[in-house]
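Trainee: Can you read through this structure? Questions will come right after.
Each value in this text was obtained by applying a stated rule to the coordinates, not by laboratory testing. Just so we're clear, the structure is a prediction, and the values are computed from it rather than from any experiment. Counting neighbours? That spans all protein chains shown, and the Cβs are built from the backbone with ideal geometry, glycine included.
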Amino acid sequence: MISFRNLKKSFGPKEILRGVSFDVGDAEVFFIIGQSGAGKSVMIKHLVGLLAPDEGEIWLDGEEVSRFSEEQMYGVRKKCAMVFQHATLFDSMTCIDNVALPLRKHRGLAPADARAEALKRLTQVQMHAFSERFPTELGDGMRKRVAIARALTLDPSYVLFDEPTTSLDPVSARRIDKLIRELSDSLGVTSIVVSHDLRSIFTIADRIVMLYEGEVRLLGTPAEFRASTDPVIEQFIQGRARGPID
């Protein structure tokens, strides 16, 4: 389980998080939504130590991790893999070698063993047929699936997705949605997804938290969001230009 407790973060005079608290349960597909600049990506970067909170605590599996040293964060990052908005693959390496790299570096596997394990991971994301291709030969959605395969190499309990369907065509986006849902249902992985994609949100989320003006506006199920009469929630999920959101 992950718990964010009264998290506060400012960049200079700008307050981004003003005391945000919520829990993420095991094997959930949990979405963080809100306007651009609401602090969604800031939340997940705190979890893996890319940012440190000004105040508050982050608990991961019973440990308070937000004040961990860089060395201590190594264990956290093995539990929590992050898939960035852009696939961040090495263009000079084939897909299978991209996925094999962390297996060689962090698990000490021999090259042949690392490639064999990497092929299994690519198979999990339906990319084994493209294992010897270079990332530049693939579309955005296919590169994203390879990045997810790489994220799975260390058997993380949690995968953090930062805008996983942004810039993808509708078919590729739905394939990524399906894959995220399968990770939870088949492997028991907890997924935390930062997204603006309303179709993703209302198709695969177990629960959703909306951040607004640095605070939690609503935490609930997709059904609870659809039933909300809060004008901020209504404007956001209906995509209206006019309303309380500037």
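Trainee: Evaluate E = 1/(1 + (r/R0)^6) for residue 242 and residue 70, where r is the Cβ-Cβ distance and R0 equals 30 Å; express this FRET efficiency to the nearest 0.05. Spell out each step's value before the answer.
Mentor: Details: r = 47 Å, r/R0 = 1.55.
The value I calculate is 0.05.
Trainee: Right, another one. Let me have the relative contact order for the chain, percent, based on Cα pairs under 8 Å that are six or more residues apart.
Mentor: Details: 451 pairs, mean separation 60.8, N = 246.
Relative contact order comes out at 25 percent.
Trainee: I've got another one for you. Explain nothing, just the number: dipole magnitude of the stretch 55-153 about its Cα centre with +1 on each Lys and Arg Cβ and -1 on each Asp and Glu Cβ, in debye rounded to the nearest 20. Don't jump to the answer; show the numbers that get you there.
Mentor: On the way: 15 positive and 14 negative charges, 93 e Å.
So the dipole magnitude of the stretch 55-153 works out to roughly 440 debye.
Trainee: Related question: Where nothing but the Cβ of Lys and Arg (+1) and of Asp and Glu (-1) is charged, how large is the charge dipole of the stretch 152-244 around its Cα centre, in debye to the nearest 20?
Mentor: 320 debye
Trainee: Under the classification rounded if a/c is under 1.5, otherwise prolate if a/b is larger than b/c and oblate if not, where does the stretch 62-172 fall, given a ≥ b ≥ c as square roots of the Cα gyration tensor eigenvalues?
Mentor: Oblate, since a/c reaches 1.5 and b/c is not below a/b.
Trainee: Sticking with this structure for a sec: Please name which of 32, 76, 141 has its Cα lying farthest along the dipole of the chain towards the positive end, using unit charges on Cβ (Lys, Arg +1; Asp, Glu -1) and the Cα centre as origin.
Mentor: Final value for the positive-end residue is 141.
Trainee: To continue, here is another question. Would you compute, from DSSP H runs of 4+ residues alone, the mean residue ellipticity of the chain at 222 nm, taking -39500 (n - 2.57) per run and dividing by the full residue count, rounded to the nearest 500?
Mentor: Counting only the DSSP helices, I get -11500 deg cm²/dmol.
Trainee: To the nearest 20 Debye, how big is the dipole of the chain about its Cα centre, given +1 on the beta carbon of each Lys and Arg and -1 on that of each Asp and Glu?
Mentor: Roughly 500 debye, rounded to the nearest 20.
Trainee: Amide H neighbours of residue 51 under 5 Å, at least 5 residues apart or on other chains, H built in the peptide plane: list them.
Mentor: Those qualifying (amide H under 5 Å, at least 5 residues apart or on another chain) are 46.
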